[in-house]
Structure formats: C-alpha cells, structure tokens
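Worksheet: one structure, shown below.
Only the coordinates and a few stated rules stand behind these numbers; no lab work does. Keep in mind that this is a model prediction, so the values were computed, not measured. Here the Cβ is made from the backbone with ideal geometry for all residues, glycine too, and neighbour counts use every protein chain on show.
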Amino acid sequence: MLNRRTFLRTGSLAAAGWAALADRIVAAPYDPLPNLAGIGRTAAPPVRVQGIVRAEGRGLGRVAISDGLQVVDSDADGRFELVTSADRGFVWVRIPAGYGIPTNPSGTARFYERIDPARSEMSVAFDLAPLGMPDDRHALLLLGDIQTETEEEMGWFHERSVPDLQETARELGEAPLVGIADGDIMFDHLELYPEYERGVRRIGVPFFQVIGNHDLDMESRTDEASTDTFSRHFGPRYYSFDRGAVHYVVLDDVFWHGSGYIGYLDAYALTWLQADLSRVEPGAPVVVATHIPVLGSYHTRQGRTSPDPPVAIMNREALYRLLEPFQAHILTGHTHEVEHVFESGTHEHVAGAICGAWWSGPICHDGAPNGYCVYEAAGEEISWRYKSTGFDATHQMRLYAPGADPAAPDEIVANVWDWDPEWTVRWFADGDPRGLMARRPGRDPWSVELHSGDQLPAHRPWVEPRITNHMFYARVDPGVAEVRVETTDRFGRVYSESLRLT
C-alpha cells in the first residue's frame, strides 16, 4: 500500500533535481537528455521495412506510415518503404478517416507492427476496412486516470465505470466511437493490464492508450526502457490517427530519468510530430492527448508563477509552436480534477478521473464526481461534456447551503466542475432571478468533509481537498426557502439544480 511519504517520493523529484533538469530542458527543448542514468547509447543497425496498406484487397495510396521519427506515404498502389533502425520499436499506420480501427483480441487498437531487431529487412501489411458510414460525425470517450492498484479496485472499475460507459456508448447511437485511456491506467501494478483490457472488450469500443507516470516500469534506468510493459500491451508510446475532419495525436509526455519523472516531450517525439502535422491542412482541428498537463493552473491557484516539473510539460513552448496553425485541443489528466486552460492559442482540457480521488470515494479532490469526458465531432466542430459516473448527462453541478463553506457563511455555493469562461451561472431565490453568481477560488465542501486531515479518506489518507477555480457564490437573504442555480454551457445547453433551505 502506498502511504503519503512513498507517494510523494515516487511521484516527484527532489527540488534540486527538478531545477537542474528543468533548466537543461528549457534551454534546449529539442535536444534529448542522454546519460541521465549513466547509460550511453550505441547506434542500432538499420532495418529496411517494405510494406503495403490495403483495403478490401486493393492498395491505399497517400496513407502515412511512421517509425516514430520519420513519416513516409504509401504510393498509389499502397506500397511503401521505410529504412528505420532496430531500436525504433514499431512501425505503424496512421489510420485514415473513413476506415475502421483494427483491434487486438483485447479490444485495444492494433495499428502497429513490431520491428524485429534481429533482421535487416522485413515486410508488413496493414489491412484496413471501410467503415461503411461517414465519420464526419463521431464521438470520443476520454478516460482519465483509471489508476487501479488492486484487484478490488479493478472490480470497482468493472462494477461502476464499465456499465456507465456501455450506457453512454448506447446513447451516442450509430456514430463511430473511439476511446482513449489518458494515462495512469494502472497504479504501478502493471500485471493488472489484462483486467483493463477485459473492460475495453466489455465497453465494445476500440481504445487507444496514453502512457502515464504510473504505467511505467519503474525499475528501469532509462526513459526508453520504462515503457516496455506498456508497449507489449498497447504498441508505440506516441502516434496519430484520423476520424472525420479531426486529426488525433497521442503523445508520451512522461520522461523517466531512473528515479522519478518530469513532464517533457523528447526530441524524437517532437521531430515526428512536426512531420506528422505537416500532412494536416492548416486550420484543421487537431486533438492531442497527453497524460501530464501541458500547463494546467494548479501553480497559479497556489500563488506561484510556474508549475513544478512533474505536473506540466517543461518544453511546452515547442508543442505550442507546432500547434499554432491548427484548432488545437489538448486533452490531459494526471491531476484528478477538472479544468480548462487557454494558452498560446490552445484549449487544454484537464479531465477528471475515472477513479476520482484514487478510488477513495465518489469525488475527485476538487469535488468533481468520478467520471470521464465525452467529445462529439460534427465536421470541424467539436463539443464536449463531463459525464459523472452513476448520473445522467445533466448532472453538471452540486449545490451547498449557506454555512457549508465557513469562509462564506451567508452564501450558497455551487461547484460547476466543467465550467469554462463561455459558461454563465445564474441563480434564483424562490423563483425570482438574482443575476450571476460570483466565481472565487475555493474548496468543495464535500471534498473538505471527505478528504481533510491525515486520517481521511481511510482508503487514501494522503488525499487532500484542493482549491479550485470552478466554485460560485451568492449571498442569500434570510427567509428564502429555495434557491435554484441555472448554468448555460458554451454550446447553449442549460442545466439546473435546486436546493431547499427551509
């Protein structure tokens, strides 16, 4: 069992190590960081890969193939050649729009072939099948931080999360669906991956996987070796695919240096990403999934000017520059809270966790319910909502009576967890409109009750309530019997909750 001290030690670097690594990364964001664990690299022998991309027995032209560093396109009859090296690990196809996502027997996406390091030449074939329907309209299920540590927690995932996801998939109807597990699929115990895969089969949606800091082989001394178990199950650690008009990118932003991790995109991934995005039309929607937030706002809520290296990407400016030509959404997890951050032309969505506050109860430590995100695309337009496990889609806030927040004894409190600046939050007293509620930093009262102190929550006593930016307040006059809060999101959807005061 992980206690508070062990969690902090394994989940972060010492302050001096942070500073040294952060300085080096920021100074040269495109350079790799060799020899952090005292291990050098030797040149790997070349491997010539010859292959074909096919659909219904015919070659498909202009389909991108990559080894994670270079990108080539199949010719008119679907054939391609790529000279890679034995240490690249995989060669994969960027699944084009209009084609189904091949799957492993586990239900996870199978778009890759492993490079055989013992051979100087090899051949591969990527067989795709037309969807049989347009995918301009499609949906994405984003699962942040499943993070099961034990068989008991894995059972909770199957009992609570999987049926909810099955129901959401049914409600989304006939539109093509895809899933992304956005990192920290496991809580260090990687032998439980097959149980996650069983969950994917039950959901019935092809899933892609992002690697998280708790998905690593932590006995490894290098970043490259730390993803071995993950890759045996799910393939390469970064790649892309297309659905309709949307280009999706999965990135590994967890850099393991032998005794801890930082948020960082290595030079290989950035070089590949530049080549990959060169095949996307400027102005198109690009959705990037990473585990560690690119920036987040936790540091600003703590009154600091910059984030710590384990909770943000240190060379994020390199990513921002590559995404400048596009309508860029960045989907992240890691922090077990919900927020939206707008920076350098990008919209970062920090997803709440499937496990909430590490399976300690029904909410994350910002008060958002355990849950996941649902994205729907219609052409180049993308909409989204947060789906709370065990509730219907209209559950988008929680109300508290005056006194629930001791710092605001005369005010009602509303936690509107998926709020962004395009939302409006109004309130009514006994049916009379009273205007907009005031947004202030605060802690969710239920999170304070469930998570405060060294003894709570019993299952994870190191969890604490966290200041969030999606708390709303309004002073209530004496004698008011009922208040109602009405929110309107950026897509015009209206949600309402009422609270009896007497």
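Taking every DSSP beta bridge with both residues inside the chain, roughly what % is antiparallel (nearest 5)?
Just about 70 percent of them are antiparallel.
Answer with one residue from TRP427, LEU456, THR488: the one whose Cα lies farthest towards the positive end of the charge dipole of segment 398-500, charges on Cβ with Lys, Arg +1 and Asp, Glu -1.
The Cα lying farthest towards the positive end belongs to THR488.
Given the -39500 (n - 2.57) contribution per DSSP H run of 4+ residues, what per-residue ellipticity at 222 nm results for the chain, rounded to the nearest 500 deg cm²/dmol?
Theoretical 222 nm ellipticity from helices: -4500 deg cm²/dmol.
For segment 387-425, state which chymotrypsin sites (Phe, Trp or Tyr not before Pro) are in a DSSP loop and have at most 15 other beta carbons lying within 10 Å of their beta carbon.
PHE391
Which longest run of the chain has no exposed loop site in it, a site being trypsin sites (Lys or Arg not before Pro) in a DSSP loop with at most 16 other beta carbons within 10 Å, and the site itself not part of the run?
305-489
Collect residues whose amide H, placed 1.01 Å from N in the peptide plane, falls under 5 Å from the amide H of GLU343; neighbours closer than 5 in sequence don't count.
Close amide H contacts, sequence-distant or interchain: GLU348.
Given charges of +1 on the Cβ of Lys and Arg and -1 on the Cβ of Asp and Glu, with all other atoms neutral, how large is the dipole of the chain about its Cα centre, in debye to the nearest 20?
Dipole about the Cα centre, nearest 20: 320 debye.
Post the alpha-carbon centroid distance, segment 240-261 to segment 370-432, in whole angstrom.
Here the two parts' Cα centres lie 29 Å apart.
Bin width 5 Å, alpha-carbon pairs only: give the P(r) of segment 42-88 as whole percents, running from 0 to the bin holding the largest distance.
With 5 Å bins starting at 0, P(r) equals 6, 23, 27, 19, 12, 9, 3, 1, 0.
Given a Förster distance of 30 angstrom, what is the FRET efficiency for GLU317 paired with ASP432, based on the Cβ-Cβ distance and rounded to 0.05?
Efficiency, from the Cβ-Cβ distance: 0.05.
Looking at the P(r) of segment 131-189, how many percent of alpha-carbon pairs lie beyond 14 Å?
62 percent
Of all DSSP beta bridges located in segment 153-263, what percent are antiparallel, nearest 5?
65 percent
From the phi of every residue in segment 52-65, what ³J(HN,Hα) in whole Hz does the Karplus formula 6.51 cos²θ - 1.76 cosθ + 1.60 yield, where θ is phi - 60° and glycine or proline is x?
Working through the residues one at a time gives 8, 10, 10, 9, 6, x, 10, x, 10, x, 6, 10, 7, 10 Hz.
Along the Cα→Cβ direction, 7 angstrom out, place labels at ARG79 and GLN455. What is the inter-label distance in nm?
7.4 nm
If you project the alpha carbons of the chain onto their three principal axes, what span does each projection cover, largest first, in Å?
Between the extreme Cα coordinates on each principal axis of the chain lie 81, 53, 42 Å.
Once amide H atoms are built 1.01 Å from N in the peptide plane, which residues 5 or more positions from HIS291, or in another chain, come under 5 Å H to H?
Excluding prolines and chain starts, which carry no amide H, the hits are ASP253.
To the nearest 10 degrees, how steep is helix 193-203 against the longest Cα principal axis of the chain, on a 0 to 90 scale?
70 degrees
Quick one, can you get me the convex hull of the C-alpha atoms of segment 75-179 expressed as volume per residue in Å³?
Spelled out: Cα convex hull of segment 75-179, divided by residues, is 158 Å³.
Express the C-alpha Rg of segment 395-470 as a ratio against the empirical globular expectation 2.2 N^0.38 Å, rounded to two decimals.
1.24
Calculate the spin-label point distance for ALA481 paired with SER344, positioning each point 7 Å from the Cα along the beta-carbon direction, and give it in nanometres.
My value for the distance between the label points is 5.6 nm.
Once the other residues with Cβ under 9 Å from the Cβ of GLY107 are scored (Lys, Arg +1; Asp, Glu -1), what is the net sum?
+2
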